[in-house]
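Chemist: Sending over a structure as structure tokens; questions will come in a sec.
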Amino acid sequence: MKAARILILGVALAAGGVAAYLVTSEEPPPAAPPPVAAVPTDEVLVAAGDIGIGQAVSAQTLRWQAWPASATASPNFILKKQRPNGMEQLVGSIARTPFANGEPIREDKLIKGNGGYLAAVLPAGMRAISTPISPETGAGGFILPNDRVDVVLIRAQKTAGGEIYTSETILTNVRVLAIDQTVEEKNGQRVVVGKIATLALNARNAETLVLATRLGTMALALRSMADGKAADVEEAESPGLARAGIGIVRFGQSSR
């Protein structure tokens, strides 16, 4: 009886092996995946980390990074195959606008020279002029670099009946370069309470502001962001004019 069971078990195993062989032999082998075409790439000079306004560019802040060749057709990109010494050529330049980590480096956003960072970010033909402010005269500290403001002159006048105060807007739509020594927003900072505001003005308006500081107290009135964008468009359309969007009001007489 025992021998019969062993014989039956052997026959069952043999039959299972034959069936498995037949099933596997009937399945076709898996097809090989199609070859993947290699995407041509170019090495582009990019920022190795965040670069702030006015920051000097060094070899540590730049790197070469592979980009698809179809995305590097812009003449603004610096390609290693065209300028193998491009990184060394830009070391020491100063950033006029910020770069994010991995952003391609563009020479039109850099300036070469030995001047300070504020001179680098100052537009051509403009002057940086400072005026004292306080929380009361600086919109409570909510004015940040690159905001647009109106400059208001507040002065006291003596009359026969006593002393009276008057105010008038002497400059409009002026770009703020810095508050104290802060030239950009950092770490999500939304309030800069400073004592000195540095403004970008042409030569004539700089003279107006210097004279006004001798006549009374300056106050800055923060303008809408939409006003600033309108002024940028106006300047872009008139590149030969220095701050064409600034108006001057002298004793009730308005001029551009």
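Chemist: Name the residues in region 164-209 that are of a type in the set (Val, Ile, Thr), at pLDDT 75 or above and farther than 16 Å from Pro123 by Cβ, would you? Show your work before the answer.
Modeler: Pass one, region 164-209, residues of a type in the set (Val, Ile, Thr): 164, 166, 169-170, 172, 174, 176, 179, 182-183, 191-193, 196, 198, 208.
Okay, now just the ones that are also at pLDDT 75 or above, so 164, 166, 169-170, 172, 174, 176, 179, 196, 198, 208.
Once the filter is applied, which keeps residues that are of a type in the set (Val, Ile, Thr), at pLDDT 75 or above and farther than 16 Å from Pro123 by Cβ, region 164-209 yields Ile164, Thr166, Thr169, Ile170, Thr172, Ile179, Ile196, Thr208.
Chemist: While we're looking at this one, here's another question. Applying the selection to region 44-63, what residues are at pLDDT 90 or above and in contact with a Phe, Trp or Tyr (Cβ under 8 Å, 6 or more places away or on another chain)?
Modeler: Across region 44-63, the qualifying residues are Val44, Leu45, Val46, Ala47.
Chemist: Let me ask something else. Just the residues that are within 19 Å of the chain's Cα centre (by Cα) and either farther than 13 Å from Leu45 by Cα or exposed (fewer than 14 other Cβ atoms within 10 Å of the Cβ) (or both), please, taken from region 71-91.
Modeler: Asn76
Yes/no per residue for (1) touching a Lys or Arg at 6+ places or on another chain (Cβ under 9 Å); (2) at pLDDT below 85; (3) not in a loop (DSSP other than H, G, I, E, B):
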position	(1), (2), (3)
Asn114	no, yes, no
Ala120	yes, yes, yes
Gly125	yes, yes, no
Ile129	no, no, yes
Pro135	no, yes, no
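Chemist: If you don't mind, there's one more thing I want to ask. Filter region 200-219 down to residues that are touching a helix residue (DSSP H, G or I) at 6+ places or on another chain (Cβ under 7 Å) and closer than 19 Å to Leu118 by Cα, then give me how many there are. Show your work before the answer.
Modeler: Step one: filter region 200-219 for residues touching a helix residue (DSSP H, G or I) at 6+ places or on another chain (Cβ under 7 Å), giving 201, 218.
Those left that are additionally closer than 19 Å to Leu118 by Cα: 201.
Looking only at that region, the number is 1.
The values are calculated or read from the model by the stated rules, or taken from the named source; none is laboratory data. This structure is a prediction, so every number in the text was calculated from the model and none was measured. Glycine also receives a Cβ, built like all others from the backbone with ideal geometry; neighbour counts cover every protein chain displayed.
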